[in-house]
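First up is the structure itself, then whatever we jot down about it.
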Amino acid sequence: MTRPMTWTVLAILCVALPLAATAAPRADDDARLANWHQLRGPTGNGTAPAGDPPTTWSATENVRWKVAIPGQGQSTPIVWGDRVFVTTAVATAGTFPAPDAPYEFVVLCLDRATGEERWRQVAVKEKPHEGVHKTASYAAPTPVTDGKRLYVSFGSRGVFCYDLDGKELWKRDLGDKTIRRSFGEGSSLVVDGESLIQLWDHEGPSFVYCLDARSGKTRWKVERDESSTWSTPLIVTHDGVIQVVVNGSNRVRSYDITDGKLLWACGGQTRNPIPAPMTADGVLYAASGFRGNAVYAIPLDARGDITDSGKVIWKTNEAGPYVASPLLYDGLLYVTKERTAILTVLDAKTGKVHYLDQRLPGMKNIYASLVGAAGKVFITGRNGTTLVLKHAESFEVLASNDLGEPVDASPVIVGKELFLRGRDHLYCIAEKE
């Protein structure tokens with residue numbers, strides 16, 4: 001399904017941008033690419049270069065294991081080696097939502113091969129200071145690991161660090177957020193070397209924190225002219241400078257990871273930004289889709305405020321997701337529209353439309369971010385249906401798989417396995433050996 005599109009191309013690159021940008025923490029490349037250590041996977045763009053999961057499954061077919069997860073949570077599981085980590089919030093009285101009851105904020109480690117619980121830690125037991133949206137939860141931020149330590153954010157409940165065997169190493173209370181309309185908190189942590197980044201955008205004073213990953217102490221803290229934001233930062237190295245890029249309603253901004261100095265900023269996003277930024281080949285892609293749509297392609301070598309300048313590579317207001325982060329896969333940008341199951345695919349370098357406003361059969365709304373591996377694109381709807389598309393410039397459905405359980409968390413691809421967190425269970429999807 002296509003229709004004419006109005007595009008604004010503010011600048012066209014005459015030469016190829018340097019291939020000097022990566023979106024991953026400074027960990028061993030082989031280990032990083034073999035795992036899914038953060039919300040958007042080993043590349044930060046939603047792809048698993050070493051992944052090759054099944055194309056077809058159901059609630060019973062190609063299910064290696066299925067494990068009930070107590071409480072409620074929309075955090076995406078992460079995988080490192082033989083361990084799967086996931087967080088949840090368990091009401092100690094009544095059922096969710098129970099804002100007047102204390103919750104146990106729980107970190108679980110499961111055995112990757114069997115799904116059996118290896119360890120469990122109650123990070124904190126506390127009554128939330130405000131409620132959440134009916135489609136949200138008190139455990140939305142996704143953990144991150146550098147292969148040495150596990151870092152968990154429960155937002156206003158605190159930031160916690162464990163070794164991979166579950167021993168608490170440190171914890172840090174950053175105070176309480178006041179989120180617009182009590183929608184709930186959602187920004188996930190990212191880590192690079194010994195720098196741990198926590199976004200703290202809310203209806204009070206907003207900041208981005210850089211914490212010491214070994215101790216939790218503040219390395220730097222920069223004030224932000226932003227209100228409630230649910231996006232997860234991106235760490236990217238370009239021309240020898242490690243940038244922390246953060247989406248926002250007023251501006252997408254980049255900070256130097258060494259001291260928090262603002263490197264560049266660009267306006268044009270919609271309010272309530274949730275999708276995480278992405279990067280490839282020296283270009284940063286930012287998207288948003290609340291009461292409008294916006295996708296921007298920004299050069300990482302920009303400096304200063306480039307809003308409405310000729311330095312923006314391309315932009316469009318015809319597509320842009322509200323919740324689900326897009327997928328950037330080998331030069332193609334897969335973007336949904338608002339919360340709906342409508343897909344647009346763009347050429348990442350030029351913004352050219354390959355196909356526009358394609359309705360995705362079998363689903364209505366999408367919260368889970370898009371992922372890709374082995375020439376396939378995986379898009380999961382809130383009803384638990386996952387479409388597997390051919391990674392191509394034209395639309396082709398390879399399979400439609402119904403899990404039989406609602407899904408908001410994003411799919412995770414590690415090797416030949418696909419992990420899906422439903423409302424009540426965590427599934428490991430893999431072909432029978």
Kindly provide the set of residues from segment 275-297 that are among the small types (Gly, Ala, Ser), closer than 19 Å to residue 408 by Cα and surrounded by fewer than 24 Cβ atoms within 10 Å (Cβ to Cβ), ordered by number.
-> none
Taking the options 174, 169, 196, 150, name whichever one is in contact with a Phe, Trp or Tyr (Cβ under 7 Å, 6 or more places away or on another chain) and in a loop (DSSP other than H, G, I, E, B).
-> 174
Within segment 368-385, is there a residue that is at pLDDT below 95, surrounded by fewer than 23 Cβ atoms within 10 Å (Cβ to Cβ) and part of a loop (DSSP other than H, G, I, E, B)?
-> no
Failed item, numbered, when residue 91 is tested on (1) in contact with a strand residue (DSSP E or B) (Cβ under 6 Å, 6 or more places away or on another chain); (2) at pLDDT 95 or above | (2)
Of all the residues that make up segment 58-81, how many are surrounded by 18 or more Cβ atoms within 10 Å (Cβ to Cβ), under 22 Å from the mean Cα position of the chain (by Cα) and within 27 Å of residue 34 (Cβ to Cβ)?
-> 9
For residue 325, work out the one condition from (1) surrounded by fewer than 24 Cβ atoms within 10 Å (Cβ to Cβ); (2) under 30 Å from residue 404 (Cβ atoms); (3) not hydrophobic (A, V, I, L, M, F, W, C) it doesn't fulfil.
-> (1)
Selected residue (criterion: surrounded by the fewest Cβ atoms within 10 Å (Cβ to Cβ)) from residues of segment 159-211 that are of a type in the set (Val, Ile, Thr) and closer than 27 Å to residue 97 by Cα = 178
State yes or no: is residue 394 hydroxyl-bearing (Ser, Thr, Tyr), closer than 14 Å to residue 325 by Cα and in a loop (DSSP other than H, G, I, E, B)?
-> no
Regarding residue 88, is this residue surrounded by fewer than 17 Cβ atoms within 10 Å (Cβ to Cβ) and either touching a residue at least 24 places away in the same chain (Cβ under 8 Å) or in a loop (DSSP other than H, G, I, E, B) (or both)?
-> no
Residue pairs within 7 Å by beta carbon, gap of at least six or interchain, first lying in segment 253-267 and modelled with pLDDT of 95 or more and among the charged types (D, E, K, R), second buried (at least 22 other Cβ atoms within 10 Å of the Cβ) and assigned to a strand (DSSP E or B), listed first then second, are 253/246; 256/243; 261/255
Expected output for segment 337-354 (first residue without any contact (Cβ under 8 Å) to a residue 60 or more places away in the chain, partner among the aromatic types (Phe, Trp, Tyr) and assigned to a strand (DSSP E or B), Cβ below 6 Å, 6+ apart or cross-chain) is 345/334; 345/355
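The values are calculated or read from the model by the stated rules, or taken from the named source; none is laboratory data. Values in this document were obtained by computation on a predicted structure and should not be read as measured data. Neighbour counts are summed over all protein chains in view; Cβ atoms, including those assigned to glycine, are modelled from backbone coordinates with ideal geometry.
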